[in-house]
Amino acid sequence: MGKDVIVACDFASAEQTFAFLDRFTGRKPFVKIGMELFYAEGPAIVREIKRRGHKIFLDLKLHDIPNTVKKAMTVLRDLDVDITNLHAAGTCRMMEAALEGLTRPDGTRPLLIAVTQLTSTDQEAMEKDLLIREPIADVVAHYAMNARKAGLDGVVCSPLEAAGVHEACGKDFITVTPGVRFADGDVGDQKRVMTPAEAKRVGSDYIVVGRPITAAADPVAAYERCVREFCDD
């Protein structure tokens, strides 16, 4: 599987999003559309970005009862995204139902991945707020094994857990890792972080990078730096 950088387009409007993407002349970065942009603009923003030739990771993190998630995935499957996701904490049954809903009548579907623990969560917060006492690496690996059992294609985890996920679930099980920052950058609200080069070394398949690119003085240069550090041999 080829590695790739997914740019988190966490903008509040289509106007801001396209002003950003239009700077990438000759390039079509893999794009993440999250809750902020999707809730502001709806499915139309997904269709237009796809029409412009970008791959899309639709990051809505579904988490509800199995039947509700299945019906929501049935709607999302027709948006022609490349990857979408849900929360592994919703149980194996919810993930199985999601997969059923996401699969089109002809058997095709986007990749479906499960969020394990958010990269803004550390061991202390997990224990105090969620009452989960196990080591965070073990929790992530367990959630990943549940996702694989349910038939999913991979997980979202921090790069710190990518190697453990591959060890538990195999090299073909996708790891999509946010929490990536340049060595000379600000980590912001992220807790479990690595640089692009470090994420490459530990086996991340995709890295998701937002503010280090979108808030950079030169976003195109920041993106190209990220690609060099993560993708290039």
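The values are calculated or read from the model by the stated rules, or taken from the named source; none is laboratory data. Please read all numbers here as calculations on a predicted model, not as lab measurements. Quick reminder, even Gly has a Cβ in these numbers, built from the backbone with ideal geometry, and neighbours come from all protein chains shown. The accessibility values were calculated without ligands, DNA or RNA, using every heavy atom of the protein model including side chains. Shrake-Rupley method; radii C 1.70, N 1.55, O 1.52, S 1.80 Å.
Remarks
- Sequence-distant residues sharing a close amide H with Val115 (under 5 Å, placed H): Leu86, His87, Ala88, Val156
- Extension reserve of the Asp122-Arg93 stretch, reckoned as 0.36 nm per residue once the Cα distance is removed: 7.8 nm
- Only Lys, Arg (+1) and Asp, Glu (-1) charged, at Cβ; the range 42-113 dipole about Cα centre in debye: 160
- Area accessible to solvent at His142, 1.4 Å probe radius, in Å²: 90
- Each residue, Leu111 and Asp218, gets one label point 7 Å from its Cα in the Cβ direction; the gap between the two is 3.0 nm.
- With protein chains left intact and a 1.4 Å probe, residues in the range 29-89 average 44 Å² of accessible area per residue.
- Full-stretch length increase - Thr74, Ala12 - with 0.36 nm per residue and alpha-carbon distance subtracted: 19.8 nm
- The chain - percent relative contact order, Cα under 8 Å, separation 6 or more: 19
- Global geometry of the range 1-139, whether rounded, prolate or oblate, following the gyration tensor of its Cα atoms and the 1.5 cut on a/c: oblate
- With all protein chains in place and a 1.4 Å probe, the accessible surface of the range 80-144 carries 53 percent carbon and sulfur.
- In this label model, Lys171 and Asp138 are separated by 2.8 nm, measuring between points 7 Å along each Cα→Cβ vector.
- Entry note, the chain: the mean residue ellipticity at 222 nm calculated from DSSP H runs of n ≥ 4, each adding -39500 (n - 2.57), is -12000 deg cm²/dmol after division by the residues and rounding to the nearest 500.
- Shape descriptor for the chain: Rg over Rh equals 0.95 (Cα atoms; Rh from the Kirkwood inverse mean 1/r).
- The range 70-151: C-alpha gyration tensor shape, a/c 1.5 cut-off, then a/b vs b/c: prolate
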